[in-house]
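S.K.: One structure is given below, represented as structure tokens, and several questions about it will come after.
Here, each number is a calculation from the coordinates, and none is a lab measurement. From a predicted model like this one, the values you see are computed outputs, not experimental measurements.
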Ligand code: NAD
């Protein structure tokens with residue numbers, strides 16, 4: 001198809017998502033549990049990838065290259081990589097899928113997407129909307145898997161017909177899939193786990209804004225986003241005040257079923273997640289941390305609910321400092337100097353997102369450049385935007401989604417040299 005035809009289909013898919021936004025949000029809340037307002041926000045974010053890449057599809061340019069050989073003419077063209085295998089997690093049942101499918105189709109690829117076992121219905125709804133948008137038969141294919149996830153993953157990462165694998169999920173599964181994909185040297189991109197530092201310097205202009213940023217970035221989706229703050233570093237002069245304000249706000253959360261009025265925070269995804277969150281809280285308490293709000297399961301609401309928690313006196317030896325909790329627990333670490341906190345922030349094998357609050361423009365550049373992460377939020381706790389490159393460094397993976405770079409993950413560059421004679 002011509003790029004413009006692909007663009008028109010992606011635009012039609014965007015329109016279908018907009019028309020059916022309320023139904024998509026309902027499905028997301030049903031199967032993921034996040035509050036309906038958050039689910040609506042996800043639908044907007046998810047559909048924006050169709051809009052963004054409908055615009056990019058018509059602008060895939062190559063290069064005319066000055067040759068080193070007299071008389072030769074060299075051009076470089078971009079071509080679709082081929083059939084793509086896509087594997088996504090349950091925490092954003094729509095957006096993780098559209099962030100991959102939209103650039104793949106824009107580039108001219110076809111896809112086989114394995115939907116998450118926990119949230120297959122949103123993926124099925126997107127499939128139906130692709131049909132209504134006019135995506136030709138066979139271009140977008142969804143596979144569901146529950147018991148046989150590993151088997152489907154093995155096929156997608158080893159079958160010769162698949163030329164590219166894009167995976168979003170945990171670092172451990174990413175490492176396994178990378179090994180499998182090496183058997184046929186596929187083009188790959190990995191969006192893996194994080195352990196985001198969230199730093200509040202005492203020169204931040206507005207402590208309340210920093211608290212609001214921490215809430216957005218730590219407790220959104222009950223702490224189950226890969227870019228969630230995981231370690232909150234607060235400078236010593238404002239530590240007590242920050243802790244007090246954060247605890248007061250967290251205490252006001254209404255935890256419950258996503259469809260109920262006024263509910264601000266839902267459950268975590270399953271009982272294994274509750275156990276991990278609880279283990280991190282208990283470990284922190286054993287090592288001297290103090291729970292100032294939350295710190296317990298909420299069995300009256302259901303087996304998957306955990307009270308949003310704030311812990312003061314967090315230290316680097318605690319499990320919550322070393323691995324992502326992926327749940328509603330904010331551990332507050334005290335620091336003295338910028339040099340110290342940058343070292344602490346970087347002292348981890350992963351590097352997806354990092355955040356800090358400061359009013360000093362020199363510090364803003366210095367710290368943003370020093371953090372070993374793929375994305376930095378300065379004076380904001382929300383960084384996701386279809387227009388901005390999304391991705392990590394270190395064991396958080398490589399490749400970028402969204403932005404003008406997203407399409408490169410699904411393209412290959414071919415150079416064509418025409419000899420002089
Ligand atoms: P997970 O790695 O267990 O699962 C992610 C997806 O991979 C699911 O669809 C799952 O069914 C599938 N999967 C698991 N084992 C597989 C295998 N052997 N073969 C093929 N597919 C397999 O991760 P999870 O715990 O469900 O999701 C949370 C993790 O995802 C966190 O670590 C989080 O940070 C990460 N995440 C990263 C990003 C990002 O953009 N970097 C975004 C969202 C989530």
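S.K.: Please compute P(r) over all alpha-carbon pairs of the stretch 149-254, binned at 5 Å starting from zero, and give each bin as a whole-number percent.
M.R.: P(r) for the stretch 149-254, in whole percents per bin: 2, 11, 17, 15, 10, 8, 9, 8, 8, 7, 3, 0.
S.K.: Please check: in the Gaussian network model of the chain (C-alpha springs, under 10 Å), which one of 365, 257, 306 has the largest mean-square fluctuation.
M.R.: So, out of 365, 257, 306, the one fluctuating most is 365.
S.K.: Between 141, 72, 230, where does the largest GNM mean-square fluctuation fall for the chain, given springs only between Cα atoms within less than 10 Å?
M.R.: 72
S.K.: Tell me the relative contact order for the stretch 320-421 as a rounded percent, counting alpha carbon contacts under 8 Å between residues six or more apart.
M.R.: In percent, rounded to a whole number, it is 20.
S.K.: Output the Kirkwood hydrodynamic radius of the stretch 238-278, Cα pairs only, in Å rounded to one decimal.
M.R.: 12.1 Å
S.K.: I need the Debye-formula profile for the stretch 316-421: one equal scatterer per C-alpha, no solvent, reported as log10 I(q)/I(0) at q = 0.15, 0.17, 0.20 1/Å, two decimals.
M.R.: Those come out to -0.76, -0.94, -1.21, one per q.
S.K.: If you take the Cα atoms of the stretch 20-66, find Rg, then find the Kirkwood Rh from the mean of 1/r over all pairs, what is Rg/Rh?
M.R.: 1.34
S.K.: If you build the convex hull over the alpha carbons only and average its shadow over all orientations, what do you get for the stretch 147-195? Give it in nm² to one decimal.
M.R.: Spelled out: convex hull of the Cα atoms, projected over all directions, averaged, 3.4 nm².
S.K.: Using only DSSP helix segments of four residues or longer, with each worth -39500 (n - 2.57), what per-residue ellipticity at 222 nm results for the chain after dividing by its residue count and rounding to 500?
M.R.: Result for the chain, helices only: -12000 deg cm²/dmol.
S.K.: Using DSSP, restrict attention to beta bridges with both residues in the chain and report what percent are antiparallel, rounded to the nearest 5.
M.R.: If I count the DSSP bridges inside the chain, around 35 percent turn out antiparallel.
S.K.: Would you mind classifying the stretch 58-217 by shape? Square roots of the alpha carbon gyration tensor eigenvalues, ordered a ≥ b ≥ c; an a/c under 1.5 is rounded, otherwise it is prolate if a/b is larger than b/c and oblate if not.
M.R.: Taking the square roots of the gyration eigenvalues as a ≥ b ≥ c, the stretch 58-217 is oblate.
S.K.: In the calculated pair distance distribution of the stretch 85-159, what percentage of Cα-Cα distances lie above 14 Å?
M.R.: 58 percent
S.K.: Helix 239-251: angle to the longest alpha-carbon principal axis of the chain, degrees 0 to 90, nearest 10?
M.R.: It is inclined by approximately 80 degrees.
S.K.: Between helix 21-32 and the chain, what is the angle of the helix's C-alpha long axis to the longest principal axis, kept within 0 to 90° and rounded to the nearest 10?
M.R.: Orientation of helix 21-32: about 60 degrees from the principal axis.
S.K.: Grab the alpha carbons of the stretch 287-374, take their convex hull, and tell me the volume per residue in Å³.
M.R.: Given the Cα convex hull of the stretch 287-374, per-residue volume reads 129 Å³.
S.K.: Hey, what angle do you get for helix 95-107 against the long axis of the chain, alpha-carbon based, 0 to 90 degrees rounded to 10?
M.R.: Long axis of 95-107 versus the principal axis of the chain: about 20 degrees.
S.K.: How large are Rg and Dmax for the stretch 257-306 when only the alpha carbon atoms are used, in Å?
M.R.: Final numbers for Rg and Dmax: 12.2, 38 Å.
S.K.: What do you get when you divide the Cα radius of gyration of the stretch 289-335 by 2.2 N^0.38 Å, with N the number of residues?
M.R.: That works out to 1.21 for the stretch 289-335.
S.K.: How far is the Cα center of the stretch 267-304 from the Cα center of the stretch 200-224, in Å?
M.R.: With the stretch 267-304 and the stretch 200-224 each reduced to a Cα centre, they are spaced 21 Å.
S.K.: Normalised radius of gyration for the stretch 1-107, please: alpha carbon Rg relative to 2.2 N^0.38 Å, two decimal places.
M.R.: 1.41
S.K.: In whole Å, what three semi-axes, largest first, describe the equivalent ellipsoid of the chain built from its Cα gyration tensor (square root of 5 times each eigenvalue)?
M.R.: Square roots of five times the eigenvalues give 39, 26, 19 Å.
S.K.: Rank 277, 291, 173 by mean-square fluctuation in a GNM of the chain with C-alpha springs under 10 angstrom and give only the top-ranked residue.
M.R.: Ranking 277, 291, 173 by mean-square fluctuation puts 173 first.
S.K.: Could you give the Stokes-Einstein D for the stretch 208-331 in µm² per second, using the C-alpha Kirkwood radius, 4 °C, 1.567 mPa s?
M.R.: Stokes-Einstein gives a translational diffusion coefficient of 90 µm²/s.
S.K.: On to the next question. Mind jotting down the distance between the C-alpha centroids of the stretch 48-73 and the stretch 85-141, whole Å?
M.R.: Answer, in whole Å: 25.
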